[in-house]
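**Q** One structure follows; several queries about it will come next.
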Amino acid sequence: MMKIIVRIMGKVAIVVAFFTLFLATPVKAAGPGKQDTAPIPTVFVHGLKGSAKSTNGMISYFSHRYYGAARVQTINIEPDGELNVQGEYQEIDHPLIQINFVNRNASIPQDNIWLAKALHYIKIKDGVDRYYAVGHSAGCVTLLQTEMLSRKQLPIMEKFVSVAGCYNGLLNENDFPHAVHLDDHYRPDHWYQADSQYPAFKTLVRQAKYFPKDVQVLNIYGDLGNGTNSDGKVTTQSALSLNYILRHQILKVQNVRFTGPLYKHSGLRKSPAVYQCIGTFLWHQQAHNGAIIHPQPEPTSAHN
């Protein structure tokens with residue numbers, strides 16, 4: 001693993017991150033009837049109170065900066081659970097599929113049901129056997145828990161990118177700066193209970209046995225650098241606690257920290273530097289005319 005420093009022009013921000021390029025990571029064998037070179041689509045899921053605007057920026061960036069990437073389909077899930085599908089799935093190099101919840105205030109348990117329905121659709125209707133997943137905020141928890149719980153026939157998740165995921169509380173709602181600390185295994189010393197919209201951390205830990213152990217996971221989180229150890233919405237402990245949930249993965253979760261005022265909760269989903277980390281992880285590509293990345297030696301610890 002290597003530490004990455006991304007320099008942004010102007011007054012703000014040196015971004016510090018920890019990232020592994022996975023250039024030598026083996027790829028799982030394709031399912032029956034599929035070639036190893038069959039394209040794998042990437043699914044994008046927004047969070048609570050989010051919308052298409054939450055992932056439009058990164059989808060547009062990937063479409064313009066990464067060879068072979070383009071949006072092929074948008075699936076809007078209506079409040080009654082009906083799928084409003086726009087576009088026809090195409091087997092280009094890197095198909096991008098955006099999934100949106102029209103009811104932006106639904107709970108994660110409800111979103112789990114809807115997301116499973118959309119993933120089942122692309123499996124049955126479009127013949128998608130494998131997929132990559134990118135979530136933002138609560139969308140990360142939805143992707144994680146849907147994969148844990150769904151009994152529907154779904155595509156196989158190969159890679160999971162969590163951007164600003166909130167696994168053990170939300171800042172100033174049930175979590176506060178420096179209120180929770182992680183041990184050397186990323187285990188929080190306080191586990192938050194479920195509320196009307198989010199599952200309990202204990203529930204995610206218990207259900208983790210159903211999450212496939214061979215999924216590759218990239219965990220991107222923000223630290224404003226203002227002493228709160230947070231992106232203004234999610235504390236670093238809440239984001240990093242994903243490591244404890246998925247502590248039994250074959251490949252350890254890769255944690256990437258972005259530091260500075262640009263990397264507030266909503267800023268992470270708008271950042272070209274974040275996009276490039278995602279693009280490298282998913283497709284082993286550098287962005288065309290993308291951000292400049294300077295590798296540096298890794299520090300001894302990334303803990304809170």
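We did not get these values from a lab; they are worked out from the coordinates using the rules stated. Please read these numbers as outputs of a predicted model, since none were measured by experiment. With ideal geometry, Cβ positions are generated from the backbone for all residues, glycine too; neighbour counts draw on all protein chains shown.
**Q** Among the trypsin sites (Lys or Arg not before Pro) within the range 212-255, which fall in a DSSP loop and have no more than 16 other Cβ atoms within 10 Å of their own Cβ?
**A** Here the trypsin sites (Lys or Arg not before Pro) that fit, given the DSSP loop and packing criteria, are K213, R247, K252.
**Q** OK, next. What does the charge count around T55 come to, taking other residues whose C-beta lies under 11 Å from its C-beta (Lys +1, Arg +1, Asp -1, Glu -1)?
**A** Surrounding charge for T55 is +4.
**Q** Further, regarding this structure: Compare the Cα positions of V180, V205, Y221 along the charge dipole of the range 178-226 (+1 at Cβ of Lys, Arg; -1 at Cβ of Asp, Glu; about the Cα centre) and return the one farthest towards the positive end.
**A** V205
**Q** Based on the mean of other beta carbon atoms within 10 Å per residue, what is the order of 93-106, 271-284, most packed first?
**A** Highest to lowest by the protection proxy: 271-284, 93-106.
**Q** If I take R0 = 22 Å and measure r between the Cβ atoms of H64 and H284 in this structure, what FRET efficiency does the formula 1/(1 + (r/R0)^6) give, to the nearest 0.05?
**A** Once the sixth-power term is evaluated, E becomes 0.75.
**Q** Write down the percent of antiparallel bridges among all DSSP beta bridges whose residues are both part of the range 77-202, to the nearest 5.
**A** Counting DSSP beta bridges with both partners in the range 77-202, the antiparallel share is about 20 percent.
**Q** About the Cα centre of the range 71-161, how large is the charge dipole given +1 on each Lys and Arg Cβ and -1 on each Asp and Glu Cβ? Please answer in debye to the nearest 20.
**A** 200 debye
**Q** Place a label point 7 angstrom from the Cα of R247 along the Cα-to-Cβ direction, then list the residues of the range 131-150 whose backbone nitrogen is under 20 Å away.
**A** 144-145, 148
**Q** OK, next. Beyond a 32 Å Cα-Cα separation, which of these cross-linked pairs lie in this structure: K49/K159; K125/K202; K159/K264; K152/K264; K123/K264?
**A** Check vs 32 Å cut-off fails for K125/K202; K152/K264; K123/K264.
**Q** Shifting gears a bit: With just the Cα atoms defining each centre, how far is the range 71-141 from the range 196-260? Give it in Å.
**A** Result: 22 Å between the Cα centres.
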